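*Asks:* Please find one structure pasted underneath; my questions will follow.
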């Protein structure tokens with residue numbers, strides 16, 4: 001039986017290796033006696049970092065735990081532009097990303113297995129990118145108003161669950177740009193919904209693609225919303241103008257056609273008002289009809 | 001007188017040979033120095049005509065007897081014999097010799113005739129010279145015979161104690177009697193004592209020392225000897241059948257059979273133990289054990305003696321291999337060296353996996 005000092009050392013080493021998924025390499029039995037591959041290396045007198053790492057890479061335990069390195073090596077051998085990570089790099093990556101995910105509240109199933117991270121690594125997803133995906137997609141959608149979340153679900157079919165959302169956010173087939181566009185689209189549609197403006201995915205995407213901040217989008221939507229009387233047809237108005245079409249086109253896209261349609265309706269209503277009562281309402285966005293039937 | 005006595009005492013039953021010995025006048029049977037028994041010059045067996053009992057040099061041509069026989073009546077003949085050859089009187093009751101003595105007295109046998117008759121007896125043929133001498137002594141001087149037995153017993157007792165035997169007085173007495181009667185040599189006496197050995201109850205003594213010596217010699221050549229084998233060698237050494245060098249030679253032979261690759265070194269006088277001393281030292285060093293505490297005969301180290309070389313042939317282990325094997329010993333985990341190794345390994349592992357301290 002190993003003495004107390006030795007046992008303490010052995011336990012620390014075993015505990016650490018276990019924590020990084022290499023517990024099989026160094027074991028301590030019930031009597032405190034060390035064993036396993038690493039102990040054999042000590043017995044063999046291996047003590048240099050290079051030699052130990054070289055031997056370590058040959059073990060099945062290491063290969064299984066750090067299969068991502070083997071895969072990178074294969075890709076590099078095929079001439080692919082890939083940086084082969086060391087075990088230290090992989091662990092650092094895992095720790096960093098795990099902390100991000102944990103802080104963001106992602107379900108633990110997304111970071112409780114090395115394979116979770118290895119998929120991200122093999123997708124060339126840097127910790128920074130993972131952070132972007134978490135903050136710009138997962139966090140964003142999760143903290144968005146219900147209307148935005150609903151729109152997101154409707155447009156992208158992600159569903160309401162956090163896990164689905166996380167999967168979507170971390171899907172390597174989807175770029176951060178794609179996700180940012182999607183969230184802006186959902187935001188636009190959701191906020192439009194709040195202003196009573198119905199718009200389809202294409203309309204929302206067209207707004208999301210504009211170089212506008214979210215505040216700008218909201219401002220535009222407010223303008224569209226303020227035009228709502230125009231989009232309420234009175235008796236005798238045959239054209240069906242809507243906020244989601246002509247309103248959006250007019251405010252966000254500066255569509256001449258939409259503007260013309262709106263001006264025509266306003267002019268018609270003005271003519272009718274002159275023959276009765278009331279007058280036109282002039283707003284910042286232009287001439288808006290205030291009357292209704 | 002002395003000539004016939006010599007023949008009497010000789011173990012040689014060939015009369016001619018015995019005659020040659022008789023020619024070496026004055027020679028008597030010597031018991032070994034351990035017993036310090038020199039057979040007494042008990043005079044002629046039957047000397048009429050050969051010599052006057054105790055009165056001069058024997059003359060082989062003389063007729064037997066110096067005093068005329070009064071009559072041939074048995075009592076006169078016996079009296080004649082007792083009077084003239086008192087030393088032989090004890091043989092009067094001997095069925096074969098008594099008859100011949102009487103016949104010799106009556107017929108005045110000369111030496112040659114008497115001798116010729118006696119050597120043909122079954123008694124002569126089946127009795128050793130020492131026994132004949134003893135019988136003669138016992139007949140003529142029983143007290144001296146008892147003293148000799150007692151003296152032999154004392155010597156045997158000392159020898160038995162020296163060997164580590166704890167024999168009872170009756171056992172010693174029996175053997176001393178046999179020794180004295182049969183004129184045992186020291187080697188025969190030791191053989192007899194050794195036949196009484198019970199190793200389970202044997203005390204420390206020459207035999208245990210010899211047994212240990214055998215083990216030590218065997219150890220020098222890393223030859224395993226069972227307790228029984230060591231005991232047998234020890235008994236052979238004690239009885240003089242085998243010398244320490246003989247044992248060593250036997251061990252060298254066995255060592256060569258086992259460690260063929262060491263034949264040259266063994267021939268030059270090196271022991272197997274000496275050859276493997278560096279390996280043993282390395283193991284002791286790795287396990288932080290005292291010098292001499294590693295027994296290469298221990299099964300856990302045996303592989304060091306017969307490592308298979310790349311050519312498939314057995315060879316001695318290298319020091320590196322000895323180091324590695326020592327570290328396989330469970331004691332190594334508790335050594336200072338192992339703890340240092342563990343500390344270094346923890347540091348190395350930390351570097352490999354990017355952790356400053358474990």
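The values are calculated or read from the model by the stated rules, or taken from the named source; none is laboratory data. Keep in mind that what you see is a predicted model, and the values were worked out from it rather than measured. Positions of Cβ are backbone-derived with ideal geometry, glycine not excepted, and every protein chain shown enters the neighbour counts.
*Asks:* If I filter region A:13-46 down to residues being at the interface with chain B (Cβ under 7 Å from one of its Cβ atoms), free of Cβ contacts under 8 Å to residues at least 12 places away in the same chain and crowded, with 16+ Cβ neighbours inside 10 Å, which single residue comes out as nearest to residue A:113 (Cα to Cα)?
*Replies:* Once the filter is applied, the top-ranked residue is A:16.
*Asks:* Same structure, new question: Of all residues in region A:155-201, which are touching a residue at least 40 places away in the same chain (Cβ under 8 Å), part of a helix (DSSP H, G or I) and over 19 Å from residue A:104 (Cβ atoms)?
*Replies:* Correct list: A:155, A:189, A:190, A:191, A:192, A:193, A:194, A:201.
*Asks:* Considering every residue within region A:59-81, establish whether at least one is surrounded by 15 or more Cβ atoms within 10 Å (Cβ to Cβ) and under 30 Å from residue A:142 (Cβ atoms).
*Replies:* yes
*Asks:* Follow-up question, since we're still on this one. Check region B:147-158 and report whether any residue there is crowded, with 16+ Cβ neighbours inside 10 Å, more than 22 Å from the chain's Cα centre (by Cα) and over 30 Å from residue B:235 (Cβ atoms).
*Replies:* no
*Asks:* Sticking with this one: Return the total of residues in region A:109-137 being out of contact with any helix residue (DSSP H, G or I) (no Cβ under 8 Å at 6 or more places or on another chain) and over 28 Å from residue A:56 (Cβ atoms).
*Replies:* Of the residues in that region, 1 qualify.
*Asks:* Would you mention how many residues in region B:227-265 are free of Cβ contacts under 8 Å to residues at least 24 places away in the same chain and more than 21 Å from the chain's Cα centre (by Cα)? Give the steps one after another, and end with the answer.
*Replies:* Initially, region B:227-265 is screened for residues free of Cβ contacts under 8 Å to residues at least 24 places away in the same chain, giving B:228-230, B:232-233, B:236, B:241-243, B:245-246, B:249-250, B:253, B:256-257, B:263-265.
Filter once more, keeping what is more than 21 Å from the chain's Cα centre (by Cα): B:253, B:256-257, B:263-265.
Summing the residues that are free of Cβ contacts under 8 Å to residues at least 24 places away in the same chain and more than 21 Å from the chain's Cα centre (by Cα) in region B:227-265 gives 6.
*Asks:* Could you identify the single residue in B:170, B:162 that is over 30 Å from residue B:244 (Cα atoms) and surrounded by fewer than 17 Cβ atoms within 10 Å (Cβ to Cβ)? Before the answer, list the steps.
*Replies:* Numbers: B:162 fails: over 30 Å from residue B:244 (Cα atoms).
From the options B:170, B:162, the qualifying one is B:170.
*Asks:* Filtering region B:312-322 down to residues that are part of a loop (DSSP other than H, G, I, E, B) and out of contact with any helix residue (DSSP H, G or I) (no Cβ under 8 Å at 6 or more places or on another chain), which residue is nearest to the other protein chains (Cβ to nearest Cβ)?
*Replies:* This residue is B:318.
*Asks:* Would a scan of region B:287-295 turn up a residue that is surrounded by 15 or more Cβ atoms within 10 Å (Cβ to Cβ), within 14 Å of chain A (Cβ to nearest Cβ) and not in a helix (DSSP H, G or I)?
*Replies:* Yes, the conditions are met somewhere in region B:287-295.
*Asks:* Next question, about the same structure. Looking at the structure I just gave you, is residue A:59 in contact with a strand residue (DSSP E or B) (Cβ under 8 Å, 6 or more places away or on another chain) and in contact (Cβ under 8 Å) with a residue 12 or more places away in the chain?
*Replies:* Numbers: in contact with a strand residue (DSSP E or B) (Cβ under 8 Å, 6 or more places away or on another chain): no; in contact (Cβ under 8 Å) with a residue 12 or more places away in the chain: yes.
Judged against the criteria, residue A:59 is not a match.
*Asks:* Within the set of pairs 6+ apart or on separate chains, which have a first residue in region B:323-350 that is more than 7 Å from chain A (Cβ to nearest Cβ) and part of a helix (DSSP H, G or I), a second that is modelled with pLDDT under 90 and surrounded by 16 or more Cβ atoms within 10 Å (Cβ to Cβ), and C-beta atoms under 6 Å apart?
*Replies:* Partner pairs satisfying both residue conditions: B:350/B:358.
*Asks:* Quick one: count up the residues across region B:169-208 that are in a loop (DSSP other than H, G, I, E, B) and within 30 Å of residue B:132 (Cβ to Cβ).
*Replies:* Of the residues in region B:169-208, the ones in a loop (DSSP other than H, G, I, E, B) are B:183-185, B:195-205.
After this cut, where a residue has to be within 30 Å of residue B:132 (Cβ to Cβ) as well, the list is B:183-185, B:195-196.
The number of residues fulfilling the criteria is 5.
*Asks:* Further, regarding this structure: Right, residue B:270: more than 14 Å from every other protein chain (Cβ to nearest Cβ), modelled with pLDDT of 90 or more and not in a helix (DSSP H, G or I) or not?
*Replies:* The answer is yes for residue B:270.
*Asks:* While we're on this one: Would you be able to say whether some residue in region A:83-92 is away from chain B (no Cβ under 12 Å) and either surrounded by fewer than 17 Cβ atoms within 10 Å (Cβ to Cβ) or not in a loop (DSSP other than H, G, I, E, B) (or both)?
*Replies:* The answer is yes, given that some residue of region A:83-92 is away from chain B (no Cβ under 12 Å) and either surrounded by fewer than 17 Cβ atoms within 10 Å (Cβ to Cβ) or not in a loop (DSSP other than H, G, I, E, B) (or both).
*Asks:* Separate question: Would you confirm, using the coordinates I've provided, whether residue A:147 is modelled with pLDDT under 90 and either assigned to a loop (DSSP other than H, G, I, E, B) or over 15 Å from the mean Cα position of the chain (by Cα) (or both)?
*Replies:* Judged against the criteria, residue A:147 is not a match.
*Asks:* From the list B:125, B:135, exactly one residue is more than 21 Å from the chain's Cα centre (by Cα), surrounded by fewer than 16 Cβ atoms within 10 Å (Cβ to Cβ), assigned to a helix (DSSP H, G or I) and touching a residue at least 40 places away in the same chain (Cβ under 8 Å). Which is it? Reasoning before the result, please.
*Replies:* Details: B:135 fails: surrounded by fewer than 16 Cβ atoms within 10 Å (Cβ to Cβ).
Of B:125, B:135, the one residue that is more than 21 Å from the chain's Cα centre (by Cα), surrounded by fewer than 16 Cβ atoms within 10 Å (Cβ to Cβ), assigned to a helix (DSSP H, G or I) and touching a residue at least 40 places away in the same chain (Cβ under 8 Å) is B:125.
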